[in-house]
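The values are calculated or read from the model by the stated rules, or taken from the named source; none is laboratory data. Worth saying up front: this structure is predicted, and the values here are computed from it rather than measured. Positions of Cβ are generated from backbone atoms using ideal geometry, with glycine treated the same way; all protein chains shown enter the neighbour counts.
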Amino acid sequence: MGKQMRSEEPYVFSRGSFCVPAAAPRRILIADDSPVNCLVAQRLLHELGYRADIAATGAHAMARHREHPYDLILMDSQMAGMHGFDATARIRATEVGRRVPIIACTTASSDEQRSACLAAEMDDVCVKPLHAAQLRDLLLLWLPPRTPEELGRRDADTRAELRSLATLFGSGFNEVVLMFRADTETRLQALREAAEAGNLALVRKVAHALGGSCASMGGWRMAGLYRILELRCHAGSCANYPQILAEVAEEYAAFNVQAERVLNSWRMASPNEHPAPGRY
Amino acid sequence: METPFSQTALARALSALVIDDSSVERMLAGAVLERLGFSVSCANSAEQALALLVQRSFDLVVCDIALPGMDGLALLATMRACPESPPCIVLSAHDDPQHALAALRSGALAYLVKPLRLATMHDALDGIFPLSVTPPALQDNSSPLARLWACLGWLALRRRIARARAFSRTSRSTAVATD
């Protein structure tokens, strides 16, 4: 049942085929009329290992995307000339099949303004000024790994984060992981019940709490999915919550595999494990 | 004058109260604060926190905004109405200026976005307790490398504070000279 629901939905992030030999570099477009913002975003993406093109106007962005489709577009919502919302609407109008994730970059941060971005068929909102951690979370969410190498790198990042938590907690780390699991499962149940009852305010609240604890444990992609659910609820619909929850479940299982690996190595070799002082 | 390492290490531990309804978040914030030399108590709601605050005093309060029942901002307002309320740090998953502003207006001294990092908490505390920065309390079972790292970090921080003080002294004296 879960498989059938995950067809061409915007919230479906398939893990990708394992037989792709080498990853084609991801194509990212930054549409912003401020050259400084463009350069900062480009530099931050470069640091994260991505190459990005720049478009100075909405029309330019549209033309570039039509010529050679991008994997992700970071769109300033208030550009001179064609507005980011208009450009998004036009891109969506000409789109067939695959839906490109368009992320609104905005200085506005109220819930209403975020909802307006979603209503304009953008997929996500990030608040300026951009910073590296925020971009990394966005890319993890919207550009999921396609190859074993990418998957391996992501898992290694998760383990590094968990190991640094383990250095912080010392012998209490085991307990923290157990508590995280118990907490997540209780809240997930509450989330499902609230969603089935159509109680959007409660879904939003529970999703927010879940997102916070996932981010603390290094489950960044789960945190991103909860954030999307929160955004969607505020915009007034959680119609595709089953897809998001299915994604969350998949991600939770993947996270637990990494947590188990870290726990095992921690139990076996904690005196020899090198701490990660840079993180904690 | 620099305080010797051993004396600072023996100084009375500051007490902190962590308020969060998620047990994982409480443990994380608690571990970070313990690492920074605090003795930590926890509460899972604003009501429970107020009950604790009536019984005893704390040197620091760290609270979340989204809490069941009374929310974090209301808690801050209530605490500010009391005499000798401890300094507050708000720790929230809302990464936007609106929530940060609301928290600061309610009397928080710092607004930190989850996930919490040791370095961010350290910087925030540095602003709140500029003269009483304690070295990280190290567990006996931590590796020599971790101890060395922590000591170096602590010494670097002391140097930074000393430099900042020296700078403020010189800038004050030049200001006097130009007068």
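Filtering segment B:104-124 to residues that are in contact with a Leu (Cβ under 8 Å, 6 or more places away or on another chain) and more than 14 Å from chain A (Cβ to nearest Cβ) leaves B:Ser106, B:Gly107, B:Ala108, B:Ala124. Taken over segment B:65-93, the criterion of being small (Gly, Ala, Ser), assigned to a helix (DSSP H, G or I) and more than 14 Å from chain A (Cβ to nearest Cβ) is satisfied by B:Ala74, B:Ala77, B:Ala81. Number of residues in segment A:174-225 that are at the interface with another protein chain (Cβ under 8 Å from one of its Cβ atoms) and either hydroxyl-bearing (Ser, Thr, Tyr) or touching a Pro at 6+ places or on another chain (Cβ under 6 Å) (or both) equals 3. Residues that are within 14 Å of chain A (Cβ to nearest Cβ) and within 12 Å of the chain's Cα centre (by Cα) within segment B:39-63 comprise B:Val40, B:Val62, B:Cys63, listed in sequence order.
Does A:Thr186 satisfy being among the hydroxyl-bearing types (Ser, Thr, Tyr), more than 17 Å from B:Leu28 (Cα to Cα) and free of Cβ contacts under 8 Å to residues at least 60 places away in the same chain? For A:Thr186, the condition - among the hydroxyl-bearing types (Ser, Thr, Tyr), more than 17 Å from B:Leu28 (Cα to Cα) and free of Cβ contacts under 8 Å to residues at least 60 places away in the same chain - is met. For A:Ala120, indicate whether it is more than 25 Å from B:Thr120 (Cβ to Cβ) and either surrounded by 15 or more Cβ atoms within 10 Å (Cβ to Cβ) or aromatic (Phe, Trp, Tyr) (or both). Here the answer is yes, as A:Ala120 does meet what is asked. Of all residues assigned to segment A:77-93, none qualifies as being within 23 Å of A:Leu48 (Cα to Cα) and not polar (S, T, N, Q). Within segment A:238-280, being modelled with pLDDT under 85, touching an Asp or Glu at 6+ places or on another chain (Cβ under 8 Å) and more than 14 Å from chain B (Cβ to nearest Cβ) holds for one residue alone: A:Asn240.
Listed here are the residues, each with its yes/no results for (1) at pLDDT 90 or above; (2) within 30 Å of A:Arg261 (Cα to Cα); (3) within 12 Å of chain B (Cβ to nearest Cβ); (4) under 14 Å from the mean Cα position of the chain (by Cα).
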| position | (1), (2), (3), (4) |
| --- | --- |
| A:Ala108 | no, no, yes, no |
| A:Glu112 | no, no, yes, no |
| A:Ala116 | no, no, no, no |
| A:Val125 | yes, no, yes, yes |
| A:Lys128 | no, no, yes, no |
| A:Gln134 | no, yes, yes, yes |
| A:Glu149 | no, yes, no, no |
| A:Arg159 | yes, yes, no, no |
| A:Arg163 | yes, yes, no, no |
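Taken over segment B:55-64, the residue count meeting the criterion of being part of a loop (DSSP other than H, G, I, E, B) and crowded, with 17+ Cβ neighbours inside 10 Å is 3. For segment A:89-114, a residue qualifies if it is in contact with a Ser or Thr (Cβ under 9 Å, 6 or more places away or on another chain) and crowded, with 19+ Cβ neighbours inside 10 Å, and the qualifying residues are A:Ile102, A:Ala104, A:Cys105, A:Thr106, A:Arg114. Selection over segment A:80-124 of residues that are assigned to a loop (DSSP other than H, G, I, E, B), closer than 24 Å to A:Asp137 by Cβ and not acidic (Asp, Glu) gives a count of 10. Condition first: part of a strand (DSSP E or B) and either buried (at least 23 other Cβ atoms within 10 Å of the Cβ) or at pLDDT below 90 (or both). Can you find one or more residues in segment B:32-54 that meet it? Checking segment B:32-54: at least one residue is part of a strand (DSSP E or B) and either buried (at least 23 other Cβ atoms within 10 Å of the Cβ) or at pLDDT below 90 (or both).
Taken over segment B:41-65, the residue count meeting the criterion of being free of Cβ contacts under 8 Å to residues at least 40 places away in the same chain and under 17 Å from B:Glu25 (Cα atoms) is 9.
Of all the listed residues (A:Gly218, A:Gly211, A:Gly224), the sole one being outside any helix (DSSP H, G or I), within 28 Å of A:Ser109 (Cβ to Cβ), of a type outside the set (A, V, I, L, M) and in contact (Cβ under 8 Å) with a residue 12 or more places away in the chain is A:Gly218.
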